[in-house]
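Trainee: My questions will all concern the structure given below.
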Amino acid sequence: MKIEIINIGDELLIGQVVNTNASWMAEQLNLSGFRVYQYSVISDSREHILQGLAEAEKRAEVILISGGIGPTRDDITKHTLCEYFNTRMVFNQEAYQDLEGLFARRGYKVTELNRQQAELPENCTGIPNKLGTARGMWFEKERPEGGKTIFVSMPGVPFEMKTMMTDFIIPKLKQIFRTPFIHHKTVLTQGVGESFLAAIIEPWEDRLPANIKLAYLPQPGIVRLRLSGEGFDEQILHQQVEAAVEKLQGLIGEYIFGFDNDSLEMIIGRLLSEKNATLATAESCTGGAIAQMLTSVTGSSAYFKGSVVAYANDIKKNILGVGSDSLEKYGAVSKEVVTEMVIALKAKFNVDYAIATSGIAGPDGGSAEKPVGTTWIAIATPDEVVATQYLFGDSRDRNIRRTALQALNLLRKKIIL
């Protein structure tokens, strides 16, 4: 069974409003065992709406439409649906009573313009709107080959649409269609590229059960591997996915830092809290990005003591005590300097763990010996100090992000040793 989503609105096409409806609808449908095969955005145009409906009907058994059913002149979806289904608009007394109740609760009387919201296509089933004036509309159309195509029109206002979806539309679809359970498990990796990762796990991927699919979801510094399983026995499905993840851990365990909604900053916070340990950062090329990530976690003040953004060399010298000789001989982006930074920081802040970064974020400042992307990261623990060099890329934003993630993951590995 295929579901297609159509979002209507010129404001979506010109970028004035971000289309969050489609992603939310798709997520909720997926959690209920339905798969969305396509969604599109079309303009507030009669011709475009008619064309979009006709094309969707060829592809899908259920078509969910949001937008264009308000009381103003640019809301033409309802009248266009009348044309598409060869019907007429009729006054719906129940819808009008709901309108009167809504306006009364707000201290108003129903205007003539809003009274038109009680008019619905004759051959649709109205869907109550608890939060607004526009009722949803449920249509069923016979298919030439047998069966029916379901069309559902909803308001484009997100909170109105969401209530209709959860209270009426999804439950009714589940009564009509038998859907499988869908279970997602996301494996989070850091420190390995997508293509290299794919090469390592190719034999494992080839042996996945037919009902489990793998998707690669890369972003700067992180590759997420999402396993999506489908089946009618929920317990067996969960067992299958977990067994696949266990085998994957045996192959790439060194790169896995978490699962599903985990983040490195959350994991670091949990690990430090368990050890009753503290942390500080000294950041040059990352400019405070690591500190920002750490402090985005509620309760981080219990373990994160502070940061020095030592961007200029005089801050490295005067605040962190980096030697002038080291800066002159090795340069700011060097093992020697980043090591001195992290040692001085750990002592100055009296913490158990410390991170220091120094690099050439770009796009300028590189040389033949130290090209853009050259980065040193130092980690100080209660027992040792280690410094590692990386060569990232030539994008400034990606270099900062990758450095921050790499630093946190290095710290994570040191804490769990």
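Trainee: Quick check on the range 278-287. Is at least one of its residues assigned to a helix (DSSP H, G or I) and either assigned by TED's automatic domain parsing to the domain that holds Val309 or crowded, with 17+ Cβ neighbours inside 10 Å (or both)?
Mentor: Checked against the condition, which is being assigned to a helix (DSSP H, G or I) and either assigned by TED's automatic domain parsing to the domain that holds Val309 or crowded, with 17+ Cβ neighbours inside 10 Å (or both), the range 278-287 yields no hits at all.
Trainee: Can you report the number of residues in the range 185-206 which are surrounded by 14 or more Cβ atoms within 10 Å (Cβ to Cβ), of a type outside the set (Ser, Thr, Tyr) and either outside any helix (DSSP H, G or I) or under 17 Å from the mean Cα position of the chain (by Cα) (or both)?
Mentor: Going through the range 185-206 one residue at a time, the tally reaches 6.
Trainee: While we're here: Here is a list: Pro209, Pro158. Which entry is within 19 Å of the chain's Cα centre (by Cα) and either within 15 Å of Ile256 (Cβ to Cβ) or not hydrophobic (A, V, I, L, M, F, W, C) (or both)?
Mentor: Pro158 is the lone residue from the list that is within 19 Å of the chain's Cα centre (by Cα) and either within 15 Å of Ile256 (Cβ to Cβ) or not hydrophobic (A, V, I, L, M, F, W, C) (or both).
Trainee: Could you say whether any residue in the range 149-157 is small (Gly, Ala, Ser) and either assigned to a helix (DSSP H, G or I) or not assigned by TED's automatic domain parsing to the domain that holds Asn21 (or both)?
Mentor: Scanning the range 149-157 turns up no residue that is small (Gly, Ala, Ser) and either assigned to a helix (DSSP H, G or I) or not assigned by TED's automatic domain parsing to the domain that holds Asn21 (or both).
Trainee: Can you name the residue in the range 15-35 that is at pLDDT below 95 and of a type in the set (A, V, I, L, M) and is also farthest from His184 (Cα to Cα) among such residues?
Mentor: If we take residues in the range 15-35 being at pLDDT below 95 and of a type in the set (A, V, I, L, M), then Val17 is farthest from His184 (Cα to Cα).
Trainee: Also: Only one of these is in the same structural domain as Gly299 (by TED's automatic domain parsing) and touching a Ser or Thr at 6+ places or on another chain (Cβ under 8 Å): Leu272, Leu225. Name it.
Mentor: Result of the check over Leu272, Leu225: Leu272.
Trainee: Is it true that Gly126 is in contact with a helix residue (DSSP H, G or I) (Cβ under 8 Å, 6 or more places away or on another chain), surrounded by 14 or more Cβ atoms within 10 Å (Cβ to Cβ) and on the phi > 0 side of the Ramachandran plot?
Mentor: No.
Trainee: Also, I was wondering about something else. Sort out which residues of the range 340-380 are farther than 17 Å from Ile400 by Cβ, surrounded by 17 or more Cβ atoms within 10 Å (Cβ to Cβ) and among the hydroxyl-bearing types (Ser, Thr, Tyr), and write them in order of number.
Mentor: Correct list: Tyr353 only.
Trainee: If I filter the range 133-143 down to residues being in a loop (DSSP other than H, G, I, E, B) and either surrounded by fewer than 21 Cβ atoms within 10 Å (Cβ to Cβ) or of a type in the set (Lys, Arg) (or both), which single residue comes out as farthest from the chain's Cα centre (by Cα)?
Mentor: For the range 133-143, the residue satisfying everything is Arg143.
Trainee: Cβ-Cβ distance below 6 Å, separation of 6 or more or different chains: which pairs start in the range 394-417 with a residue that is under 10 Å from Thr286 (Cα atoms) and end on one that is surrounded by 20 or more Cβ atoms within 10 Å (Cβ to Cβ) and of a type in the set (Phe, Trp, Tyr)?
Mentor: What qualifies is Asn399/Phe392; Arg402/Phe392.
Trainee: Further, regarding this structure: May I ask you to list the residues in the range 348-368 that are among the hydroxyl-bearing types (Ser, Thr, Tyr) and either touching a Gly at 6+ places or on another chain (Cβ under 8 Å) or under 16 Å from Val308 (Cα atoms) (or both)?
Mentor: Across the range 348-368, the qualifying residues are Tyr353, Thr357, Ser358.
Trainee: Among the candidates Lys162, Lys213, which residue alone is in contact (Cβ under 8 Å) with a residue 12 or more places away in the chain and not assigned by TED's automatic domain parsing to the domain that holds Gln239?
Mentor: It is Lys162.
Trainee: Additional query: Regarding the range 217-233, can at least one residue be identified that is part of a helix (DSSP H, G or I), at negative phi and surrounded by 20 or more Cβ atoms within 10 Å (Cβ to Cβ)?
Mentor: Within the range 217-233 (the criterion being part of a helix (DSSP H, G or I), at negative phi and surrounded by 20 or more Cβ atoms within 10 Å (Cβ to Cβ)), the answer is no, since none of the residues qualifies.
Trainee: Can you tell me which residues in the range 340-359 are in contact with a helix residue (DSSP H, G or I) (Cβ under 8 Å, 6 or more places away or on another chain), under 24 Å from Glu369 (Cβ atoms) and not in a strand (DSSP E or B)?
Mentor: Once the filter is applied, which keeps residues that are in contact with a helix residue (DSSP H, G or I) (Cβ under 8 Å, 6 or more places away or on another chain), under 24 Å from Glu369 (Cβ atoms) and not in a strand (DSSP E or B), the range 340-359 yields Glu340, Met341.
Trainee: If Gly126 meets every condition in (1) farther than 20 Å from Leu12 by Cβ; (2) of a type outside the set (D, E, K, R); (3) not in a strand (DSSP E or B) apart from one, which number is that one?
Mentor: Gly126 satisfies every listed condition except (3).
Trainee: State yes or no: is Ile416 surrounded by fewer than 16 Cβ atoms within 10 Å (Cβ to Cβ) and aliphatic (A, V, I, L, M)?
Mentor: In short, yes.
Trainee: Next question, about the same structure. From the set of residues in the range 76-105 that are within 19 Å of Thr163 (Cβ to Cβ) and among the acidic types (Asp, Glu), which is modelled with the highest pLDDT?
Mentor: Among residues in the range 76-105 that are within 19 Å of Thr163 (Cβ to Cβ) and among the acidic types (Asp, Glu), the one modelled with the highest pLDDT is Glu94.
The values are calculated or read from the model by the stated rules, or taken from the named source; none is laboratory data. Bear in mind that the values here come from a model prediction, so they are computed numbers and not experimental data. With ideal geometry, Cβ positions are generated from the backbone for all residues, glycine too; neighbour counts draw on all protein chains shown.
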